[in-house]
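Asks: Sharing a structure below in structure tokens format, with a few things to ask.
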Amino acid sequence: SGLEWAVVRASWFSQNFSEGEFREMVLNGAITLPVADIPEPFVDVDDIADIAAAALTEDHHNGEVYEVTGPRMLTFRETAQELSRAVGREVTFIPVPKQ
């Protein structure tokens, strides 16, 4: 078809904990989710936006696939520990079994 394309993919957004879906859980001190406590590549949405903007405006991205990740992999338990330090009170991770 001659259509130019690029794919930008990311997993978990860091902002989910501060301004998104999980904010209330963080404020209440417990992140309760049906996920395994395995390392995840949490990423800042601004980083995703930078890569998407480049893919849309620069010629050399045609046909490329970008997997955007943060600087390190963290489990949800480790993420809760990081959030505890950031907010100054305990935040725990409680995995909920998938039914």
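The values are calculated or read from the model by the stated rules, or taken from the named source; none is laboratory data. Since the structure is predicted, the reported quantities are computational estimates derived from the model, not experimental observations. When we count neighbours, we look across all protein chains shown, and the Cβ atoms used for this are built from the backbone with ideal geometry, even at glycine.
Asks: Among what's in segment 58-99 and is in contact with a Pro (Cβ under 6 Å, 6 or more places away or on another chain) and polar (S, T, N, Q), pick the residue that is nearest to Glu40 (Cα to Cα).
Replies: Thr75
Asks: Among the listed residues Gly20, Gly63, Gly2, which satisfies the condition of being surrounded by fewer than 14 Cβ atoms within 10 Å (Cβ to Cβ), without any contact (Cβ under 8 Å) to a residue 24 or more places away in the chain, over 30 Å from Gln99 (Cα atoms) and not hydrophobic (A, V, I, L, M, F, W, C)?
Replies: On the way: Gly20 fails: over 30 Å from Gln99 (Cα atoms); Gly63 fails: without any contact (Cβ under 8 Å) to a residue 24 or more places away in the chain.
Sole residue among the options that is surrounded by fewer than 14 Cβ atoms within 10 Å (Cβ to Cβ), without any contact (Cβ under 8 Å) to a residue 24 or more places away in the chain, over 30 Å from Gln99 (Cα atoms) and not hydrophobic (A, V, I, L, M, F, W, C): Gly2.
Asks: For Asp37, work out the one condition from (1) in contact with a strand residue (DSSP E or B) (Cβ under 9 Å, 6 or more places away or on another chain); (2) free of Cβ contacts under 8 Å to residues at least 12 places away in the same chain it doesn't fulfil.
Replies: (2)
Asks: If you don't mind, there's one more thing I want to ask. Take the residues in segment 4-50 that are over 13 Å from the mean Cα position of the chain (by Cα) and among the charged types (D, E, K, R), then tell me which one is farthest from Pro95 (Cα to Cα).
Replies: The residue in question is Glu4.
Asks: So, one more: Only one of (1) within 15 Å of Ser14 (Cβ to Cβ); (2) crowded, with 16+ Cβ neighbours inside 10 Å is not met by Ala55, so which one is it?
Replies: Evaluating Ala55 over (1) within 15 Å of Ser14 (Cβ to Cβ); (2) crowded, with 16+ Cβ neighbours inside 10 Å leaves (1) as the failure.
Asks: Follow-up question, since we're still on this one. Kindly provide the set of residues from segment 6-34 that are in contact with a strand residue (DSSP E or B) (Cβ under 9 Å, 6 or more places away or on another chain) and over 25 Å from Tyr66 (Cα atoms), ordered by number.
Replies: Within segment 6-34, Phe22, Met25, Gly29, Ala30, Ile31, Thr32, Leu33, Pro34 qualify.
Asks: Also, I was wondering about something else. Which of the strands (runs of 3 or more DSSP E) contained wholly in segment 2-91 include at least 2 residues that are of a type in the set (Asp, Glu) and modelled with pLDDT of 95 or more? Before the answer, list the steps.
Replies: Details: elements: 6-10, 30-33, 64-68.
Filter on segment 2-91 gives 64-68.
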